[in-house]
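The values are calculated or read from the model by the stated rules, or taken from the named source; none is laboratory data. Since the model is a prediction, treat every value here as computed from it, not as a measurement. All Cβ positions, even for glycine, are placed from backbone atoms using ideal geometry, and neighbour counts span all protein chains on display.
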Amino acid sequence: MESITEQEARRLRRARFEGLAQVVTEPLHRYLVRRTAPDMVEDVLSETMLVLWRRIDHVPGLRNGSLPDRDEVLPWCYGVARGCLANARRADGRRLRLVERLMSVQQPPVPVDADHGDLHAALAALGELDREVIRLWAWEELAPRQIAEATGMTANAVSMRLHRAKKKIAEQLRSARKNAELAGHKMSEGRSGQ
Amino acid sequence: MNDNELLTLLRDADPALTSRAPLPDTNRLVEAAMKTDSVATPENTEIDTTNSTAKITAGKGRRRLLGLAAAAALLLGGGVTAGITANSGNGHTTEAVKELSLSAAATGNDKGSEKCQAPVPDQLAGYPTLFYGTVTSVKGPLITFHVDHWLRGGGTRTILVSNDPDFPENLTFTVGQHYIVAAERDGSIPSCGANWVSDKEWRQFSDAFGK
């Protein structure tokens, strides 16, 4: 039979998880919406919440009796979501490979809005880790120290990677604009020559 | 382009701004997580989030693909595709895991409406992969088996079977039920290759394979 101490510990653990969930669920949902197809978001979010519950004693910045500070807990939770998403992608990749062979169909990629095509192309041209660092910086609004916590890198490594990735994106965008301008010139020349 | 300009561009392109995904139901997620894993023991809190095969049953997204039924003699017909991964049996995938990487193959009829005969050892003995296992979870198109006995092939204890989502109705797996699953060398589960078995039928296999 469960002792009173065990019951109390259990109650506190549940309360900590509920408090954590209030603070992190929506940011984690947005994190996943930004990175994966809509039909995967809910499953991966559920998986992430399960891992958080299982590891509730390991979440940094959790205290009994008060809601956690989102800046303290979110980077760690993003790290969990990142792991769960990687697992889901591996599983989905296997499943898709199988289904593709059988049905010759492909799952449509994550939709990309047409207005920001150049930017998404520049992001896609980055390495996976560089892209994740940039997204955590811009979309999750994390500082390098927090990105380090989410990705398992050192803060120095994050800073260097972030610097490099920003530079690459800026170059890609410059180059895309230059190409667009050149194409525009050629079109107008073609028209004037007719 | 300076940092602020880049940041503005990136934030304008944030997919979360244009997403039509409904907001998550925090209370439901909390309940589901605690219900799924109501006892957080030291063993299961040390889950490896990068390699874990642990699954939650809370998500409803892809769960619609499978119904649940516990028929007296569940006969599974039609197309089954199988993606099988394996782990060491302790719930954690390890680097040493034998990736069976079973792949798909065309199977059975197109609707899965074909009913299969009750499995017999002779009929399935020729497959290189054959196991008697218990379904431990059904999550969308993914069915996790604990392998109770390997009859052909083997080495791992957890098998993940991917059901072809384009054939949602033709498979009904029930958690806790026992099945005999056969697969080709390329990993595909043939038509009528996954069968619910009664204790009596299992005894036939057990005798035939000396298990």
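Every residue in segment A:1-56 that is more than 21 Å from the chain's Cα centre (by Cα), over 21 Å from A:TRP76 (Cα atoms) and of a type in the set (A, V, I, L, M), please. Selection gives A:MET1, A:ILE4, A:ALA9.
Residues in segment A:1-22 that are touching a Pro at 6+ places or on another chain (Cβ under 7 Å) and either surrounded by fewer than 21 Cβ atoms within 10 Å (Cβ to Cβ) or of a type outside the set (A, V, I, L, M, F, W, C) (or both): A:GLY19 alone. Can you name the number of the only condition in (1) part of a loop (DSSP other than H, G, I, E, B); (2) at pLDDT 75 or above; (3) within 18 Å of the chain's Cα centre (by Cα) that A:ASN64 fails? Among (1) part of a loop (DSSP other than H, G, I, E, B); (2) at pLDDT 75 or above; (3) within 18 Å of the chain's Cα centre (by Cα), the lone unmet condition for A:ASN64 is (3). Within segment A:127-166, the only residue that satisfies the criterion of being buried (at least 21 other Cβ atoms within 10 Å of the Cβ), under 18 Å from A:ARG34 (Cα atoms) and among the basic types (Lys, Arg) is A:ARG135.
Counted as qualifying within segment B:98-176 are the strands (runs of 3 or more DSSP E) with 3 or more residues that are under 23 Å from B:ALA208 (Cβ atoms), β-branched (Val, Ile, Thr) and at pLDDT 80 or above, namely B:129-139.
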